[in-house]
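Remarks on the structure that follows.
The values are calculated or read from the model by the stated rules, or taken from the named source; none is laboratory data. None of these values were measured; they are calculated from a predicted model. Every residue, glycine among them, receives a Cβ derived from its backbone with ideal geometry; neighbour counts consider all protein chains shown.
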Amino acid sequence: MEKKQTIDEGKISWGTRIAYGGGDAACNVVFGMISTLLTLFYTDYVGISAATVGLVMLLSRAFDGVSDAVMGIIVEKTHSKWGKARPWILWMAVPYAVSAILLFTVPHTKEIYQFFYMFITYNFVTTVCYTAINLPYSSLSAMMTRNSSERDMLSIVRMGISPFGRILAVTGTMPIVKMFGDDQAAWAKTMALWAIIAFILLVICFFKCEEKVEIEAKKNQKKVSAKKAFQALVCNQYFWAVVILWTMQNGIYCITGTILPYYCKYVFHNDTWMYSVLYLTETLLIVAVTFLSLFLLKKFGKRNMSLAGIIFALAGQILFCFHPDRFSWMVMSCVIRAIGLAPLNSVVFGFLGDVVEFGQWKTHLRQESLIFAGSSVGMKLGAGVTSAIITGLLSAAGYVSSVAGSVGQTKEAVKMIMNIYQYGPMIVWIIVIFTLFFYKLDKQYPQIMEELMEREARGEL
């Protein structure tokens, strides 16, 4: 007789949790550069127009959506001695590191050739290499344990450690770039340093994180057509809720990360230390509150904790709009945003793990990779489309790109920079609040898991 699985199985050691979080730190070393400083590099160090940069990022989103779906299917069909998702972390570590360096080697030639080079290298990083690592990495958490609280812990530790990748890249880049000569070659050398660190972290993650979830009932499941799998995915209402949350989460990172260096440079007239200080303050506070969220989670649950935080963040953003030209108020906005965003940030991947179980309960299909693949589209849409909108607005306002990086901007361009930073986050917070208001899975989850355990004990999904 088959042993009945219990919800309490699947405990994970702290060493494994930290190694897993290090994998996302590796991803954020590169993705942090792409979602924050890459636009500044293109416009102010290569001299490419903001409109061209925005077009590259907007067109790339169509390929991203396809690549996520394809990679989700590939992971589901992968069978190796290391499992389905885990081997891709090892296989793609070197290509990922190399692709990141290529981003910063744009040739000095006609803009049409620069456009194609940017398009190819940008998609090589995001559409191919990042997708082939981050999607298997993310879905790996649902293959390591079925214990919801353990998945929440993985998410909290992951989101507590992952910002250090962004901290390293974003706060360390400008000082090192200036030390290396403050030109395009300096950016490539700096990215090479970050790529080596990312590679090491990915290898550690591969060796420490194993796939341990085995469901006998799934082994007996007949082959599912792509049409049926897609239908099961789209009818999962909580899948769509998490897609929105993930899209908005990355959208806010992109808005603040992309515009903040412009804000410091053209509003506060300081592009050396001010941005690094603001970014470091906000990110470290997010890390601190992310770990504190463990205690809030036990008392209030994922949904209630996240909703309260976002309402607080919205209130802080409204308050900032009263004095957007004061540095002290800018510091305040970063602090309030960090405190408000951290609870959602800490458990967003815990939400996804629960969505996998809900989907199995509702449709009798277990779709770890496809659910994480679909949600990954939200992450890339959040960063890519937001970047395209930002560059489009800057271009429309008359932003002037320059290889020298010190050109003056019109009042309209500076005003647009301020408007994006003030009102962009408000739009994001309102959408997140609306989504969380209708999210009810936290209450349903215990009963769902009890029913799943009973079904699986009978050999059914």
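Structure above, values below:
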read-out	value
Pair list, Cβ under 6 Å, 6 or more apart: the range 372-393 residue closer than 16 Å to T36 by Cβ and surrounded by fewer than 24 Cβ atoms within 10 Å (Cβ to Cβ), other residue among the hydrophobic types (A, V, I, L, M, F, W, C) and at pLDDT 70 or above	A388/M57; A388/L58
Residue within the range 186-207 that is of a type outside the set (S, T, Y) and in a loop (DSSP other than H, G, I, E, B) present	no
Single residue of L168, L154, L193 found to be crowded, with 20+ Cβ neighbours inside 10 Å, in contact (Cβ under 8 Å) with a residue 12 or more places away in the chain and either aromatic (F, W, Y) or farther than 24 Å from V70 by Cβ (or both)	L154
Test: residue in the range 300-322 that is without any contact (Cβ under 8 Å) to a residue 40 or more places away in the chain, within 28 Å of V414 (Cβ to Cβ), more than 17 Å from the chain's Cα centre (by Cα) and not in a helix (DSSP H, G or I)	yes
Check on F119, in a helix (DSSP H, G or I) and either more than 30 Å from A51 (Cβ to Cβ) or out of contact with any helix residue (DSSP H, G or I) (no Cβ under 7 Å at 6 or more places or on another chain) (or both)	no
Test: residue in the range 227-235 that is of a type in the set (F, W, Y) and either over 28 Å from M330 (Cβ atoms) or in a loop (DSSP other than H, G, I, E, B) (or both)	yes
Some residue of the range 260-277 being touching a Gly at 6+ places or on another chain (Cβ under 9 Å) and buried (at least 23 other Cβ atoms within 10 Å of the Cβ)	no
Among the residues listed as V289, V213, the single one being buried (at least 16 other Cβ atoms within 10 Å of the Cβ), touching a helix residue (DSSP H, G or I) at 6+ places or on another chain (Cβ under 8 Å), in contact (Cβ under 8 Å) with a residue 12 or more places away in the chain and assigned to a helix (DSSP H, G or I)	V289
Single match in K298, K302 (criterion: of a type in the set (D, E, K, R), out of contact with any Lys or Arg (no Cβ under 7 Å at 6 or more places or on another chain) and surrounded by fewer than 15 Cβ atoms within 10 Å (Cβ to Cβ))	K298
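Condition check ((1) modelled with pLDDT of 90 or more; (2) of a type in the set (S, T, N, Q); (3) part of a helix (DSSP H, G or I); (4) farther than 20 Å from Q367 by Cβ) across all residues:
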{"site": "L58", "(1), (2), (3), (4)": "no, no, yes, yes"}
{"site": "V70", "(1), (2), (3), (4)": "no, no, yes, no"}
{"site": "W88", "(1), (2), (3), (4)": "yes, no, yes, no"}
{"site": "Y96", "(1), (2), (3), (4)": "yes, no, yes, yes"}
{"site": "N123", "(1), (2), (3), (4)": "yes, yes, yes, yes"}
